[in-house]
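The values are calculated or read from the model by the stated rules, or taken from the named source; none is laboratory data. Not measured: the values here are computed from a predicted model. Positions of Cβ are backbone-derived with ideal geometry, glycine not excepted, and every protein chain shown enters the neighbour counts. Each accessible area value is taken on the protein alone, full model and side chains, heavy atoms only, with ligands, DNA and RNA left out. Shrake-Rupley method; radii C 1.70, N 1.55, O 1.52, S 1.80 Å.
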Amino acid sequence: MIIREANVTDAEGIARVHVDCWRTTYKDIVPEVFLNKLSYENRTQLWIQNISNETNYVFVAELDGKIVGFTDGGKEKSGEYPGYMADITTLYILEEFQGIGMGRQLLQQVFLKLKENNMTSALVWVLEDNPSKYFYEAMGAKVIENQKDITIGGKQLNLIGYGWGNI
């Protein structure tokens, strides 16, 4: 397994992981109609933009030349949480590769990049019903807010904010 910084040519592979992970992780949380409408093409365009943004740090996990996981993060932009300098925007790993330490390695890489850019604290938002929230707890994150509403596919859901005071 290789963990490396992403480049624009990785956008399609990242998009595939992104859509596939949404469809497996959120299948009983987010409305099926919404999940079925997710598009590899649209997500590829999104990831071209994300990777091209110099203030966004994207890393991929590659196995046998195939992207099987990714993460990204950057400066926290809302200003609502002054104690937190950075935001971990995504961390997705294909279901068959979860539980083998890949998430930990991806998160550590993005943390290193954030620290290189003088960001020493971070937060991440996770759907309350997402069992992956326990991963962030195991990685030392503490709940900073447990009630933030979001609507996805017409369904009202709750986000939990986790934070690391010192990454």
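Brief remarks follow.
- Residue match in region 42-52 (condition: β-branched (Val, Ile, Thr), in contact (Cβ under 8 Å) with a residue 40 or more places away in the chain and open to solvent by less than 20 Å² (accessible area, probe 1.4 Å)): no
- Yes/no for Val126 being under 27 Å from Glu12 (Cβ atoms) and in contact with an Asp or Glu (Cβ under 8 Å, 6 or more places away or on another chain): no
- Listed by first and then second residue, the pairs with beta-carbon distance under 6 Å, at least 6 apart or on different chains, first residue in region 138-167 and in contact (Cβ under 8 Å) with a residue 12 or more places away in the chain and open to solvent by 20 Å² or more (accessible area, probe 1.4 Å), second basic (Lys, Arg) and assigned to a strand (DSSP E or B), are Leu159/Lys148.
- In the condition set (1) surrounded by 13 or more Cβ atoms within 10 Å (Cβ to Cβ); (2) of a type in the set (Ser, Thr, Tyr); (3) assigned to a helix (DSSP H, G or I), Thr9 is compliant with all but (1).
- Matching residues in region 15-39 - criterion: being outside any loop (DSSP other than H, G, I, E, B) and open to solvent by less than 60 Å² (accessible area, probe 1.4 Å): Ala15, Val17, His18, Val19, Asp20, Cys21, Trp22, Thr24, Thr25, Leu35
- Selected residue (criterion: least open to solvent (accessible area, probe 1.4 Å)) from residues of region 61-103 that are within 18 Å of Arg16 (Cβ to Cβ) and part of a loop (DSSP other than H, G, I, E, B): Leu94
- Evaluating Asn146 against the criteria (1) within 23 Å of Arg4 (Cβ to Cβ); (2) out of contact with any Phe, Trp or Tyr (no Cβ under 8 Å at 6 or more places or on another chain); (3) among the polar types (S, T, N, Q) leaves one unmet condition, (1).
- The listed residue being of a type in the set (A, V, I, L, M, F, W, C) and over 30 Å from Gln156 (Cα atoms), out of Ile3, Ile29: Ile3
- Odd one out for Leu107, checked against (1) in a strand (DSSP E or B); (2) closer than 29 Å to Val8 by Cα: (1)
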